[in-house]
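The values are calculated or read from the model by the stated rules, or taken from the named source; none is laboratory data. Everything numeric in this text was worked out from a predicted model, so none of it was measured. Note that we place each Cβ from the backbone using ideal geometry, even for glycine, and neighbour counts take in every protein chain shown. Heavy atoms of the whole protein, side chains included, go into the accessibility calculation; ligands, DNA and RNA do not. Shrake-Rupley method; radii C 1.70, N 1.55, O 1.52, S 1.80 Å.
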Amino acid sequence: MSNYLTSEENLLRLRRARIIYTITAGIAVVTGVFLLWALRGLIVPTVIGMLMAYICLPLIGYLKNKGFSQFWAVVFLFGIFCLVLFSTIKLAGDLVPDQKTELELQARFRYKLDAKFKEIMGLGRNDREGNLFYTLFGRELEPLRTQIDEALRISENNNRLFTRFHENPEEMGSNPVEERYWNYHQANRERDREQEKSTRTPLRSEDNADDIKLSYSDENSDSSLLLSIFNAVSLWLITPLVFLILLVDNGKLKRELVHSMPNRYFEMTLTTLDNINEALGRYLRGTFIECFLVGASFTICLFLIGLETQWATAIGIIAGLANAIPFLGPAIGLLVGVLYAIMAEKVSPLLPFIDGNDLLPAVLVVVAIIQLIDNAVFQPYVLGNAVELHPLIVVFGVMGGAVIFGFAGMLLAIPAIMIGKVVIATIFRQFQAYAII
Amino acid sequence: MTPPKATMWTSFFGSIRRNRGKDDILNFISTVPLFDSLSKRELDTIHSIAHHRIYREDEFIFRKGQPGAAMFLIKSGSVNIVDQDQDNLTNILTTLQSNTFFGELALLDDSPRSASAIAAKTTETFAFFRTDLDRLLNSFPQIGLKVYRALAMIIGDRLKETNEQLLNK
């Protein structure tokens, strides 16, 4: 039709087209930003689904090579993904304590922490001065211990609740509190009273916000907790959906993107996408395998030194996930392991030379060995020379991720930065290769 | 008058119009020597990695020196393979018509293009990328084997022709 227009009319037509395209692009950008903000709760579950699909994509090719059709390859991988996801949720559900267990853990951890601190610092009843370690570091560590101790202190409200659990378990509809945990609680209370006499620190007031939230009789808080769990779970339902959609996609998304490119950038766009895909795939799959190996090593070693299977698995999963964070990851694994070692009692190690009553040294040795294996074997063989980041960027990235998206943001910050780095570097390299810049 | 210059938006909206019948495309692909040994099912798989592009008259398909990434099949129209010197003067080496292909060496590696390709008139093409074919080789080795065998035979034939031309000089 444009063949019948004069050159002036054609110019006007091009101008109109430019205005319409600009307005459409503007509306699309504004809508996109609004949706991103409104649906920000979905970002982390979606990204995790995308990452898992991305990691699994080569498996589709492998399964096809082994004679599976696209349909059965997707069904097989989706089945495994759902199995792993629901096993993890079930394990997490089993490990979330009820109110009685939470109070028991609080009493147990507080008692054990105090006992372990006194033991390490040489602060027994007959030796109030402390050992050399206490002389050197005691002043620095004491405020930290006091803070943790304060955070773990069972308030008056919860003390009454704990007493009811102990004295009338039938009325509370639960098993009786184990005697040793009750004794720990009494010992903690005794220590509080002694402290109160010497420092006049009042016990936690009854109107403490945390206590009100924890109160057994507060049905509203229970229902809101259930509601928030339901909301969180329903948001995470998008993860398997995204995973499935991307597996089924079979490259259509990429083809559509390439199709929308002008001829001039067509070949360059596909080359850039492929280069990004290769670099990212190497990094993400390498990191995933490395985290899996570290997590599995943690689980096996902790099981060997006597931890219960569920706790060994849970700590293994946390340590494996945290391993995705350079520098900070191993510290998180160490922290979780040490915290459990302090609380652990009456463990029965499979290795004969481990002292079941004192797990702390064994856990420290396990963490050290796994870090050594990770640095000497897993990283060089699995990750190779995948892209590296400056430590300062890692620290800022992890902090920023934690501020914006919490723990998940902490885990995903470094992969996100790596993706950004690889994408930008590849785009500029290709721009130069195709003489665009 | 030449069609309006292709932009991202015209390409996007144009993609809806350019959606051709699949059978038509499969019939065309099956006539190209590179794919003529493939079964209908295998052609269907090849079709899933083909990129449909339309070039205006005098529009560059690729330029000499750019990294090679794709091979092009000409469905309709014609393409000039040209050599540009330092003063940007072009020397047409050959003109390719429909049902032929060019840029096939890009399926082997990403070495720079030895010549430029320009659409002599409005030309409809299908592009196949090396990386897509490599992935296909992993998932369907029998298809990859047939394609690369055909490619080797075509390159061998061209080498023979070049040798004969050199001997006849």
Q: Go through the range A:246-258 residue by residue and tally those that are under 12 Å from A:Tyr54 (Cα atoms), more than 8 Å from every other protein chain (Cβ to nearest Cβ) and without any contact (Cβ under 8 Å) to a residue 60 or more places away in the chain.
A: 1
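So, B:Ile143, is that one open to solvent by less than 80 Å² (accessible area, probe 1.4 Å), of a type in the set (A, V, I, L, M) and under 27 Å from B:Asn91 (Cα atoms) or not?
Here the answer is no, as B:Ile143 does not meet what is asked.
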Q: Check whether at least one residue in the range A:259-267 is away from every other protein chain (no Cβ under 14 Å), modelled with pLDDT of 85 or more, in a helix (DSSP H, G or I) and open to solvent by 20 Å² or more (accessible area, probe 1.4 Å), and report yes or no.
A: no
Q) Residues of the range A:301-341 being open to solvent by less than 20 Å² (accessible area, probe 1.4 Å), outside any loop (DSSP other than H, G, I, E, B) and of a type outside the set (Phe, Trp, Tyr), which ones? A) A:Leu302, A:Ala312, A:Ala314, A:Ile315, A:Gly316, A:Ala319, A:Gly320, A:Ala322, A:Gly329, A:Gly333, A:Gly337, A:Ala341
Q: Return the residue satisfying two criteria in turn: it lies in the range A:391-432 and is of a type outside the set (Phe, Trp, Tyr), without any contact (Cβ under 8 Å) to a residue 12 or more places away in the chain and more than 24 Å from A:Ile318 (Cα to Cα), and of such residues it is least open to solvent (accessible area, probe 1.4 Å).
A: A:Gly420
Q: Would you tally the residues in the range A:22-58 being modelled with pLDDT under 90 and within 11 Å of another protein chain (Cβ to nearest Cβ)?
A: 2
Q) Is there a residue being more than 24 Å from B:Arg135 (Cβ to Cβ), modelled with pLDDT of 90 or more and either within 14 Å of another protein chain (Cβ to nearest Cβ) or outside any loop (DSSP other than H, G, I, E, B) (or both) anywhere in the range B:10-18? A) no
Q: From A:Ile80, A:Ile48, A:Ile60, A:Ile43, grab the single residue that is part of a helix (DSSP H, G or I) and open to solvent by less than 40 Å² (accessible area, probe 1.4 Å).
A: A:Ile60
Q: Give the residue that is least open to solvent (accessible area, probe 1.4 Å), with candidates limited to residues of the range A:268-292 that are without any contact (Cβ under 8 Å) to a residue 40 or more places away in the chain and over 33 Å from the mean Cα position of the chain (by Cα).
A: A:Leu270
**Q.** Residues of the range B:74-117 that turn out to be surrounded by 15 or more Cβ atoms within 10 Å (Cβ to Cβ), away from every other protein chain (no Cβ under 14 Å) and of a type in the set (Gly, Ala, Ser), as a count
**A.** 3
(Q) For the structure I just gave you, tell me whether A:Ile373 is touching a residue at least 12 places away in the same chain (Cβ under 8 Å), among the aliphatic types (A, V, I, L, M), more than 27 Å from A:Tyr54 (Cβ to Cβ) and outside the structural domain of A:Glu104 (by TED's automatic domain parsing). (A) no
Q | Those residues of the range B:20-73 which are open to solvent by less than 30 Å² (accessible area, probe 1.4 Å), assigned to a strand (DSSP E or B) and at the interface with another protein chain (Cβ under 9 Å from one of its Cβ atoms), in sequence order | A | B:His51, B:His52, B:Arg53, B:Tyr55, B:Ile61, B:Phe62, B:Pro67, B:Ala70
Q.
With the requirement that a residue be open to solvent by less than 20 Å² (accessible area, probe 1.4 Å) and among the hydrophobic types (A, V, I, L, M, F, W, C), what does the range B:118-131 give you?
A. B:Ala119, B:Phe126, B:Ala127, B:Phe128, B:Phe129
Q: Please list, ordered by first then second residue, the pairs with beta carbon atoms under 7 Å, 6 or more apart or interchain, first in the range A:104-123 and open to solvent by 40 Å² or more (accessible area, probe 1.4 Å), second polar (S, T, N, Q).
A: A:Tyr111/A:Asn188
Q.
Quick check on B:Ile143: is it over 15 Å from the mean Cα position of the chain (by Cα), part of a helix (DSSP H, G or I) and over 12 Å from B:Ile61 (Cβ atoms)?
A. yes
Q) Is at least one residue of the range B:121-129 farther than 28 Å from A:Leu63 by Cα, at pLDDT 90 or above and away from chain A (no Cβ under 13 Å)? A) yes
Q) Among (1) away from chain B (no Cβ under 14 Å); (2) modelled with pLDDT under 85, where does A:Ala279 come up short? A) (1)
Q. Which condition breaks for A:Arg125 when tested against (1) at pLDDT below 85; (2) part of a helix (DSSP H, G or I)?
A. (2)
(Q) I'd like to know if the range A:82-103 contains one or more residues that are of a type in the set (S, T, N, Q) and within 14 Å of another protein chain (Cβ to nearest Cβ). (A) no
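Taking the options B:Thr131, B:Thr95, B:Thr100, B:Thr123, name whichever one is among the hydroxyl-bearing types (Ser, Thr, Tyr) and within 11 Å of the chain's Cα centre (by Cα).
Residue meeting the stated conditions: B:Thr100.
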